[in-house]
1. In whole Hz and in residue order, list the ³J(HN,Hα) couplings for region 220-233 that follow from phi through the Karplus curve 6.51 cos²θ - 1.76 cosθ + 1.60, θ = phi - 60°; x for Gly and Pro.
2. Do any trypsin sites (Lys or Arg not before Pro) in region 9-56 lie in a loop, going by DSSP, with at most 12 other beta-carbon atoms within 10 Å of their beta carbon, and if so which?
3. Each residue of region 30-36 in turn: what ³J(HN,Hα) in whole Hz from Karplus with 6.51, -1.76, 1.60 and θ = phi - 60°, glycine and Pro shown as x?
4. Please give the calculated 222 nm ellipticity per residue for the chain, where each DSSP H segment of at least 4 residues contributes -39500 (n - 2.57) and the sum is spread over every residue; nearest 500 deg cm²/dmol?
5. Mind ranking Val51, Val85 by accessible surface for me, highest first, 1.4 Å probe?
6. Would you grab the residues whose amide H sits under 5 Å from the one on Glu205? Only those 5+ places off in sequence or on another chain, please, with H modelled 1.01 Å from N.
7. Assuming a ≥ b ≥ c are the square roots of the Cα gyration tensor eigenvalues, decide whether region 83-138 counts as rounded (a/c under 1.5), prolate (otherwise, with a/b larger than b/c) or oblate.
8. Leaving ligands, DNA and RNA out of it, rank Phe246, Phe12 by accessible area with a 1.4 Å probe, largest first.
Amino acid sequence: MTAIFQPEGNLFRATERAGGPWSPDMLQGSATTALMAREVERLAQASGFAVRRLTFDLWRPAGLRAFALATDLLRDGRKAKTVQVRLIDREVEIGRCSALLTAQGPESPHDPFSRPASPDTAPEAGTPPPAFAQKWSRYFQNVSVRLIEGALEKPGPAAAWMRLDVPLVAGEPNTPLLQAVQAADFSSGVAQIVDMREWTFINPEISLYFFRPPEGEWILIRSRTRVGAGGAGLTTATLSDRNGPFAEVMQAMSFERRAAEAQAS
């Protein structure tokens with residue numbers, strides 16, 4: 001199988017390419033968020049509205065099974081709509097996406113206070129990560145990565161271009177929005193700040209705010225993680241394409257120290 005999901009009637013079956021970092025039988029967050037974003041994008045295109053915000057709540061682990069998607073229109077306004085996409089494993093809802101769509105105007109104002117950003121290094125000039133880092137998950141092995149700042153295998157802020165190289169859904173091209181969403185889930189990994197032999201971390205949710213539509217296949221993540229009290233943290237990231245920034249990302253992080261025997265193994 002050469003895709004992350006195979007359609008089966010109204011269901012989408014996860015293939016082994018969807019496996020995540022904690023277990024090859026549990027899906028990468030990029031796979032589930034992008035699958036829900038695919039449905040949001042279809043609804044946005046049908047209405048002529050633009051995708052402005054995507055908030056994903058990931059409630060339960062997703063295994064290598066077939067999933068259903070259920071959609072609800074929560075608000076049908078003239079200038080703004082709120083839609084909801086639910087990811088369902090048999091009878092259990094395991095994740096949800098709340099999306100804000102807004103009407104598109106004919107023009108935007110000029111911002112006299114903005115400063116021209118210096119062009120980012122192109123992905124062709126970036127550096128691939130070490131081979132062992134690319135093996136973090138089966139899903140990640142299907143993603144091309146080119147680092148332009150920092151390193152994936154070392155703690156600290158970093159910037160990396162990413163591109164999913166296989167179809168998210170068999171028989172369909174990956175749209176720029178899907179590329180952006182699947183890349184965004186890696187924000188906390190790009191900006192990880194702990195020794196992963198001593199700590200684990202999860203992001204049970206992620207939000208993306210778009211101020212223009214993404215373009216092209218390559219998505220640049222420039223991210224940073226902050227740690228607070230009680231194991232809490234926050235990852236923030238800017239997403240860019242070859243034309244510059246287009247979205248901001250926020251991930252609520254939860255850190256937990258590994259048991260001593262796990263650190264020693």
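The values are calculated or read from the model by the stated rules, or taken from the named source; none is laboratory data. Values in this document were obtained by computation on a predicted structure and should not be read as measured data. Glycine gets a Cβ as well: all are built from the backbone with ideal geometry, and neighbour counts include every protein chain shown. Just the protein is used for accessible areas: all its heavy atoms, side chains included, with ligands, DNA and RNA removed. Shrake-Rupley method; radii C 1.70, N 1.55, O 1.52, S 1.80 Å.
1. Going residue by residue, I get 9, 10, 10, 10, 8, 10, 10, 10, x, 9, x, x, 8, x Hz, with x marking Gly and Pro.
2. Counting only loop positions with at most 12 other Cβ atoms within 10 Å, none of the trypsin sites (Lys or Arg not before Pro) in region 9-56 qualifies.
3. Couplings: 4, 5, 6, 5, 5, 5, 5 Hz.
4. About -4000 deg cm²/dmol.
5. Val51, Val85
6. For Glu205, whose amide H was placed from the backbone, the distant partners under 5 Å are Leu58, Ala252.
7. oblate
8. Largest accessible area first, the residues go Phe12, Phe246.
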